[in-house]
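Undergrad: My questions will all concern the structure given below.
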Amino acid sequence: MQTFKENETFAHSYLLCRFDTCYLIDPSHDLEAMYQALNGRTLAGLLITHAHHDHVNLIGEFEVPIYIHLDDAHLLFEDQYNGYGSHTHPYKRKNLNFQYVSNHTKLPLADQFIEVFHTPGHTKGSVCFYYDQKLFTGDTLFKGSVGRHDLYSGSLPELRKSVLFLGTLPGNVKIYPGHDETSTMRNEHKNNPFYVKWLKQTTK
């Protein structure tokens with residue numbers, strides 16, 4: 001696995017490979033480095049956690065399927081809501097091959113699978129990708145925090161439900177978010193104030 005670290009404009013991107021097959025999660029920046037990291041291996045698709053501009057800027061640069069939840073696909077083209085604002089999105093609809101995922105969709109990666117968790121809250125179509133005890137959370141769950149819910153199609157009740165669901169995963173699961181540092185589920189169980197508070201509310 002390789003991480004393309006965030007900068008002031010764009011989120012982390014991740015290259016996930018097994019044998020000669022790879023997926024790119026949230027391809028946002030550093031295109032040349034991504035091609036170098038592929039190193040001749042097959043790119044099977046792009047995995048999109050949600051459709052905000054800082055996670056999807058390079059989706060038009062690869063001729064591969066784009067795996068995204070249907071509830072977020074339209075957001076790619078609504079620049080007043082996806083973060084592009086007055087800057088038009090750089091990709092064209094006619095060039096994009098969407099493959100829609102839903103909760104518990106399993107995508108083959110060589111002899112294994114990547115599982116999709118639909119985790120609405122930051123956006124309606126937000127998803128996380130789970131593979132080999134690694135959880136790629138986009139802007140749903142961060143180290144010690146959670147994503148915003150006050151943007152277009154966000155929802156605090158849905159975010160709460162999604163974070164509590166993710167909290168049912170084992171403590172040794174490593175969390176790779178869209179921004180900031182990595183974490184573990186064990187750390188979030190103990191130290192994430194949102195998770196701790198919401199879990200207490202469910203047990204009262």
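Values quoted throughout were computed directly from the atomic coordinates according to the rules given, and no laboratory measurement underlies them. Worth saying up front: this structure is predicted, and the values here are computed from it rather than measured. Note that we place each Cβ from the backbone using ideal geometry, even for glycine, and neighbour counts take in every protein chain shown.
Undergrad: Find how much the distance from Q112 to N172 grows on full extension, using 0.36 nm per residue of separation minus their present alpha carbon separation; answer in nm with one decimal.
TA: 19.7 nm
Undergrad: Can you give the extra length, in nm with one decimal, that the chain gains between E181 and D150 once fully stretched, where that is 0.36 nm per residue apart less the Cα-Cα distance?
TA: Length gained between E181 and D150: 8.9 nm.
Undergrad: In addition: Just add up the charged neighbours of R148: K/R +1, D/E -1, any other residue whose Cβ is under 14 Å from the Cβ of R148.
TA: Every neighbour counted, the sum reads -3.
Undergrad: Continuing with the same structure: Using a Förster distance of 25 angstrom, determine the FRET efficiency expected from the C-beta separation of F19 and L199, and round it to 0.05.
TA: Result of the calculation: an efficiency of 0.05.
Undergrad: Mind checking which lysines have their C-alpha under 24 Å from K92, skipping anything on the same chain fewer than 8 residues away?
TA: K124
Undergrad: Also, I was wondering about something else. Top mean-square fluctuation among V127, V56, V146, Gaussian network model of the chain, C-alpha springs under 10 Å?
TA: V146
Undergrad: Would you calculate the separation in nanometres between label points at Y100 and K161, each defined as 7 Å from the Cα along the Cα-to-beta-carbon direction?
TA: The two pseudo-label positions are separated by 1.9 nm.
Undergrad: Still on this structure, please answer the following. What FRET efficiency comes out for A33 versus K134 if R0 is 22 angstrom and r is the Cβ-Cβ distance? Round to the nearest 0.05.
TA: 0.60
Undergrad: Rank-order 191-203, 2-14 by packing density, defined as the average count of other C-beta atoms within 10 Å over each peptide's residues, highest first.
TA: Ranked by mean Cβ neighbours within 10 Å, highest first: 2-14, 191-203.
Undergrad: What whole number of Å gives the distance from the Cα centroid of region 151-199 to the Cα centroid of region 66-108?
TA: 23
Undergrad: Hey, another quick one. Across region 24-38, in residue order, what do the Karplus-derived ³J(HN,Hα) couplings come to in whole Hz, using 6.51 cos²θ - 1.76 cosθ + 1.60 with θ = phi - 60° and x for Gly and Pro?
TA: Going residue by residue, I get 9, 9, 6, x, 10, 7, 6, 4, 4, 5, 5, 5, 5, 5, 4 Hz, with x marking Gly and Pro.
Undergrad: Mind ranking 43-49, 87-93, 153-159 by how tightly packed they are, going by the mean number of other C-beta atoms within 10 angstrom, highest first?
TA: 43-49, 153-159, 87-93
Undergrad: May I pose another question? Amide H of F142 versus every other amide H placed in the peptide plane: which residues, excluding those fewer than 5 positions away on the same chain, fall under 5 Å?
TA: Under 5 Å from the amide H of F142 lie the amide H atoms of G147, each far enough along the sequence or on another chain.
Undergrad: Same structure again: Test of understanding: ordering L164, L15 by Cβ neighbours within 10 Å, fewest first, what list do you get?
TA: With the fewest neighbours first, L164, L15 line up as L164, L15.
Undergrad: Hey, got the dipole for region 2-203? About the Cα centre, +1 on K and R Cβ, -1 on D and E Cβ, debye to the nearest 20?
TA: Roughly 700 debye, rounded to the nearest 20.
Undergrad: Among F129, Y195, V64, which residue has its Cα positioned farthest towards the positive end of the charge dipole of the chain, with +1 placed on the Cβ of Lys and Arg, -1 on the Cβ of Asp and Glu, and the dipole taken about the Cα centre?
TA: With unit charges placed on the Cβ atoms, the residue in question is Y195.
Undergrad: Run the lone-cysteine check on the chain: no other Cys C-beta under 4.7 Å from the residue's C-beta.
TA: Within the chain, the cysteines lacking a partner Cβ under 4.7 Å are C128.
Undergrad: Taking H placed 1.01 Å from N in the peptide plane, check which residues at least 5 places from F4 or on another chain put their amide H under 5 Å from its amide H.
TA: Hits under the 5 Å cutoff: S13, Y14, L15.
Undergrad: Using θ = phi - 60° and the Karplus curve 6.51 cos²θ - 1.76 cosθ + 1.60, what whole-Hz ³J(HN,Hα) does each residue of region 113-119 get, with Gly and Pro shown as x?
TA: 9, 9, 9, 9, 10, 6, 10
Undergrad: Rg over Rh of region 96-141, using C-alpha atoms and the Kirkwood radius, what does it come to?
TA: Checking Rg against Rh, the ratio lands at 0.98.
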